[in-house]
Amino acid sequence: MKIKTFVLSCLISGTMFAQDFSGRATYKTHRKSSFELDSTTMATNPGIKNQLEAQMRKMFQKTYILDFTKSESMFKQKQELDGPKVPKSNGAIIMIGGMAGGRDVLYKNIKEKRMANKTDLMGKIFLIKDNLVSYDWELTGETKNIGNYTCYKAVFEKEEESVEIKMIDGEVKEEKGMKKRTIVAWYTPDVSISNGPKNFGGLPGLILEVNDGNETIMCSEIVLNPSETIDIKEPTKGKIVTRKKFAEISLEKTKEMMNRYRSRDGKGMEIKIGG
């Protein structure tokens, strides 16, 4: 995928280090997800797997905006029409992926190395306050062009805990294991800010592409020093929690929701979320 257009309001060499340097980058996400349904669910819901695959493709195709200066940024989803309805199985809604809404705002303060993420979890607003996520990037020296920008490849690998939640015979079960996570990022020193989409950053240039397991994030447009003022505000509303605490709350809420929407006969549904 190539970046469609890049708008430069003035020469990069003369503006990159200006005190009031700012910009806006647009990103699009795509995600491959795997899931398993047992034979009972498949038999009672003909075509359910094809429906789910189509729904999931649409659910994970999102557009995000990153507004940035040299020291701060704000990342949020571009407002769009409501997403597709999730199919039902024996009257129970099959839950897929995260439960956060499209009103999330991720604020990053590069200078102070901290972040604040306002997110909606099942109707409750949380404010995740923590240090910036740190990545031990390996700079490979490999290059490629994305639009008009020369980008350099960086790789991060880490062994981390993976959690799968399944519903088998009407009972929600949690399985933990270790999984190797590999992230490939492509950054451009031509836009000399140590930032990128979501929590990604820490490289000597703006990240234009990220491949994180089954998720791909691609920059589709950059506007440097736009005519309109870039207004970056740190979110302040929501129950303040750390990143670790929010992950624990999310896991418990997922279990609660799966129990609430389990199949009527209490048997035969298994959902395995991958990636």
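The values are calculated or read from the model by the stated rules, or taken from the named source; none is laboratory data. Please read these numbers as outputs of a predicted model, since none were measured by experiment. We place every Cβ from the backbone using ideal geometry, glycine too, and count neighbours over all the protein chains shown. Accessible surface is based on the protein model in full, side chains and every heavy atom, while ligands, DNA and RNA are left aside. Shrake-Rupley method; radii C 1.70, N 1.55, O 1.52, S 1.80 Å.
Yes or no: Asp231 touching a residue at least 40 places away in the same chain (Cβ under 8 Å) and in contact with a helix residue (DSSP H, G or I) (Cβ under 8 Å, 6 or more places away or on another chain)? Please lay out each step first, then the result.
Details: touching a residue at least 40 places away in the same chain (Cβ under 8 Å): yes; in contact with a helix residue (DSSP H, G or I) (Cβ under 8 Å, 6 or more places away or on another chain): no.
When the stated conditions are applied, Asp231 does not pass them.
Considering every residue within the range 175-189, establish whether at least one is part of a strand (DSSP E or B), more than 18 Å from Phe75 (Cα to Cα) and touching a residue at least 60 places away in the same chain (Cβ under 8 Å).
no
Any idea which residue in the range 226-264 is modelled with the highest pLDDT, counting only those that are surrounded by 13 or more Cβ atoms within 10 Å (Cβ to Cβ) and over 27 Å from Val133 (Cα atoms)?
Pro226
State which residue is modelled with the highest pLDDT when the search covers only the range 66-121 and only residues that are of a type in the set (Asp, Glu) and outside any strand (DSSP E or B).
Glu112
Regarding the range 205-213, can at least one residue be identified that is of a type in the set (A, V, I, L, M), touching a strand residue (DSSP E or B) at 6+ places or on another chain (Cβ under 8 Å), open to solvent by 30 Å² or more (accessible area, probe 1.4 Å) and not in a loop (DSSP other than H, G, I, E, B)? Before the answer, list the steps.
Narrowing the range 205-213 to residues of a type in the set (A, V, I, L, M): 206-208, 210.
Those still in the list that are touching a strand residue (DSSP E or B) at 6+ places or on another chain (Cβ under 8 Å) too: 206-208, 210.
Checking the rest, the ones that are also open to solvent by 30 Å² or more (accessible area, probe 1.4 Å) come to none.
Scanning the range 205-213 turns up no residue that is of a type in the set (A, V, I, L, M), touching a strand residue (DSSP E or B) at 6+ places or on another chain (Cβ under 8 Å), open to solvent by 30 Å² or more (accessible area, probe 1.4 Å) and not in a loop (DSSP other than H, G, I, E, B).
Looking at (1) open to solvent by 60 Å² or more (accessible area, probe 1.4 Å); (2) farther than 25 Å from Ser22 by Cα, can you tell me which one Val163 breaks?
Exception for Val163: condition (1).
Got at least one residue in the range 191-204 being in a strand (DSSP E or B), at negative phi and open to solvent by less than 40 Å² (accessible area, probe 1.4 Å)? Steps first, please.
Within the range 191-204, the subset in a strand (DSSP E or B) is none.
No, the range 191-204 contains no residue that is in a strand (DSSP E or B), at negative phi and open to solvent by less than 40 Å² (accessible area, probe 1.4 Å).
Consider Ile271 carefully, then state whether it is modelled with pLDDT under 90, among the hydrophobic types (A, V, I, L, M, F, W, C) and open to solvent by less than 40 Å² (accessible area, probe 1.4 Å).
yes
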